[in-house]
């Protein structure tokens, strides 16, 4: 995922740096404007729809990774309980369910006020963290949404760290 070292800043749009990371990873993307980019990111469990928007008025970039999973209405209360458990464990960003679509997403905002734009390293770290967190907790979401498991049980299964070698 890493491209190179050096604190290079964005040129025309803060999203130019994201585009460079996307191209380096050979991911499919669409760049409809200087304010938005949409990327298809392959994952171990699922492909993720990665959206990044630049909000000039607040000098901030919003990163969103959407799962290809919609949360059925009857499972939303359990998923919201799981979100609370998961969000308590992660250090950067948060998971949410978009109410109208029932879409499961990971979100993070990078404020850039007073900067020329994000560094390559910042973007690489944000993208890598988002993908890693989605991959880490994808099974827990599946256990609750499709397996009917209790959020605490799904969380316990998702955070088990293997020790040693088989």
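The values are calculated or read from the model by the stated rules, or taken from the named source; none is laboratory data. Note that the structure is predicted; figures quoted are calculated from it, not measured. No Cβ is skipped: glycine too gets one built from the backbone with ideal geometry, and neighbour counts run over all protein chains shown.
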Inter-residue pairs, beta-carbon under 9 Å, first within 15 Å of residue 105 (Cα to Cα) and in segment 123-135, second assigned to a helix (DSSP H, G or I), 6+ apart: 126/18; 127/18; 127/21; 127/22; 133/86
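Select from segment 19-63 the residues that are touching a residue at least 60 places away in the same chain (Cβ under 8 Å) and either more than 17 Å from residue 124 (Cα to Cα) or surrounded by 16 or more Cβ atoms within 10 Å (Cβ to Cβ) (or both) and list them in ascending order.
From segment 19-63, those touching a residue at least 60 places away in the same chain (Cβ under 8 Å) are 20-21, 41, 43-46, 48, 50, 63; that's our starting set.
Once the filter is applied, which keeps residues that are touching a residue at least 60 places away in the same chain (Cβ under 8 Å) and either more than 17 Å from residue 124 (Cα to Cα) or surrounded by 16 or more Cβ atoms within 10 Å (Cβ to Cβ) (or both), segment 19-63 yields 20, 21, 41, 44, 45, 46, 48, 50, 63.
Determine, yes or no, whether residue 117 is at positive phi and surrounded by 19 or more Cβ atoms within 10 Å (Cβ to Cβ).
yes
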Given the structure, is residue 128 surrounded by fewer than 14 Cβ atoms within 10 Å (Cβ to Cβ) and part of a helix (DSSP H, G or I)? yes
Please count how many residues of segment 97-108 are loosely packed, with under 15 Cβ neighbours inside 10 Å and assigned to a strand (DSSP E or B). 1
If residue 103 satisfies all but one of (1) at pLDDT 95 or above; (2) within 23 Å of residue 40 (Cα to Cα), what's the number of the condition it fails? (1)
Report, ordered by the first and then the second residue, all pairs with beta carbons closer than 9 Å, sequence separation of six or more or different chains, a first member in segment 146-163 that is more than 10 Å from residue 82 (Cα to Cα), and a second member that is outside any loop (DSSP other than H, G, I, E, B) and at pLDDT below 85. 149/157
Working only within segment 41-61, note down all residues that are closer than 16 Å to residue 129 by Cβ and part of a loop (DSSP other than H, G, I, E, B). 43, 44
Number of positions in segment 67-91 that are without any contact (Cβ under 8 Å) to a residue 40 or more places away in the chain and touching a strand residue (DSSP E or B) at 6+ places or on another chain (Cβ under 8 Å): 6
All positions within segment 137-150 that are out of contact with any helix residue (DSSP H, G or I) (no Cβ under 7 Å at 6 or more places or on another chain), under 17 Å from residue 97 (Cα atoms) and surrounded by fewer than 19 Cβ atoms within 10 Å (Cβ to Cβ): 142, 146
